[in-house]
Amino acid sequence: MDYGLILPTMTEGASAEGVEAGAETAARLGWSTAWTTDHVLIERASASEYGRIFEAVTTLAYVGGRHPTLRLGASVIVVPQRNAVLLAKELATVDALTRGRLIAGVGIGWNEIEYGNLAMSDRFHVRGAYLEETIRLWRHLWSGSTEPFAGRFHRFDDFAFGPLPAQGSDLPIVIGARSDAAIRRAGRLADGYHATGAGPALIAERIPILRAASEAAGRPLPAISARVRIDLAGSITSGYRIAGTPDEMAAEIRRFGNLGVGHLAFAFGETAPERVVAAMERFDRDVLTLLR
């Protein structure tokens with residue numbers, strides 16, 4: 001298993017300095033990947049968590065240019081809120097400029113108000129179909145194919161697309177999923193399944209759904225990664241988190257590994273640069289050392 005950081009790109013207090021501190025520390029500690037989070041124009045009721053948030057793709061380009069050892073992931077881009085072709089160009093550009101370090105994390109989102117704020121209300125109830133077609137479209141364009149593309153939402157036959165991603169059509173696409181339908185989608189179409197807010201017990205329940213879908217599609221089981229909150233202070237009172245003594249936290253991480261989870265992306269809930277660094281260093285020293 002390897003480890004990554006959910007960059008501190010959101011909530012009040014998020015700053016360029018905090019993002020840089022997190023990325024620099026992840027690289028220095030030997031963690032593999034820096035991840036961003038995606039929201040664009042959330043409603044006021046969700047503003048405390050997502051009202052201030054650095055844009056996901058742009059931030060990955062920034063971090064990738066400054067930290068050449070880090071892989072770059074999105075956890076996850078709400079694809080149906082965006083133009084799929086433009087997003088294909090943006091992601092291909094980041095991958096080309098960073099010499100093949102991008103992971104395209106994608107999902108369909110949950111917030112109908114945000115869809116409306118982005119003038120995408122009509123896509124909310126077909127967002128699963130839009131994502132599936134987008135994945136086909138991306139792999140078509142990223143392969144360098146000049147054949148026409150025809151789908152429900154996109155159709156073109158006179159086009160030129162470049163530069164291609166450094167990873168070509170093998171640029172990994174991972175799907176964030178909670179519902180059974182979305183987990184099956186990951187099994188059928190994706191290179192990876194990216195869990196959020198799920199501990200080992202819940203992931204264990206989801207793996208048979210993922211495996212059945214991948215086998216039915218004649219595909220290997222997608223790689224499994226998980227985004228998890230780290231509670232060093234014991235202050236989080238709801239939702240899944242890794243907490244407790246260092247030994248207890250290490251044991252919980254081992255449970256993920258025993259299920260075949262290959263990557264954990266840690267969210268520390270800090271934004272001030274010095275607090276981001278302190279939390280990461282403490283966790284690496286006290287917990288991850290027990291696993292090395």
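The values are calculated or read from the model by the stated rules, or taken from the named source; none is laboratory data. Since we're looking at a predicted model, the values are computed, not measured. Don't worry about glycine lacking a Cβ; one is built from the backbone with ideal geometry, like all the others, and counts go over all protein chains shown. All accessible areas refer to the heavy atoms of the entire protein, side chains included, with ligands and DNA or RNA removed. Shrake-Rupley method; radii C 1.70, N 1.55, O 1.52, S 1.80 Å.
Here the sum of -39500 (n - 2.57) over DSSP H runs of 4 or more residues, divided by the residues of the chain, equals -12500 deg cm²/dmol at 222 nm, to the nearest 500. Note on the chain: antiparallel DSSP beta bridges, both residues inside, total approximately 10 percent of the bridges counted. Using the average count of surrounding beta-carbon atoms within 10 Å as a protection proxy, the listed peptides 241-252, 92-103 rank, highest first, as 92-103, 241-252. Once the Cβ-Cβ distance of Ala217 and Arg255 is raised to the sixth power relative to R0 = 35 Å, the FRET efficiency obtained is 0.80. With R₀ fixed at 35 Å, the C-beta to C-beta distance from Ala243 to Ser143 puts the FRET efficiency at about 0.20. For the pair Asn83 and Asp2, the difference between a 0.36 nm per residue extended length and the Cα-Cα distance amounts to 25.9 nm. Once you reduce the range 143-178 and the range 42-121 to the center of their Cα atoms, the two points are 17 Å from each other. Size descriptors for the range 1-139: radius of gyration and Dmax over Cα atoms are 15.2, 45 Å. Here the chain has 52 percent of its accessible surface on carbon and sulfur atoms, given a 1.4 Å probe and all protein chains in place.
Does the range 124-222 come out rounded, prolate or oblate, given a ≥ b ≥ c as the square roots of the eigenvalues of its C-alpha gyration tensor, rounded meaning a/c under 1.5 and, failing that, prolate meaning a/b above b/c? Taking the square roots of the gyration eigenvalues as a ≥ b ≥ c, the range 124-222 is prolate.
At a probe radius of 1.4 angstrom, the accessible area of the chain per residue rounds to 44 square angstrom. Restricting attention to the range 150-241, close to 10% of DSSP beta bridges with both partner residues there are antiparallel. Computed extension length for Ala201-Arg44: 53.2 nm, one decimal, from 0.36 nm per residue of separation with the Cα-Cα distance subtracted.
For Ile209, neighbours were defined as the other residues whose beta-carbon sits under 10 Å from its Cβ, and their charges (Lys and Arg +1, Asp and Glu -1) total +1.
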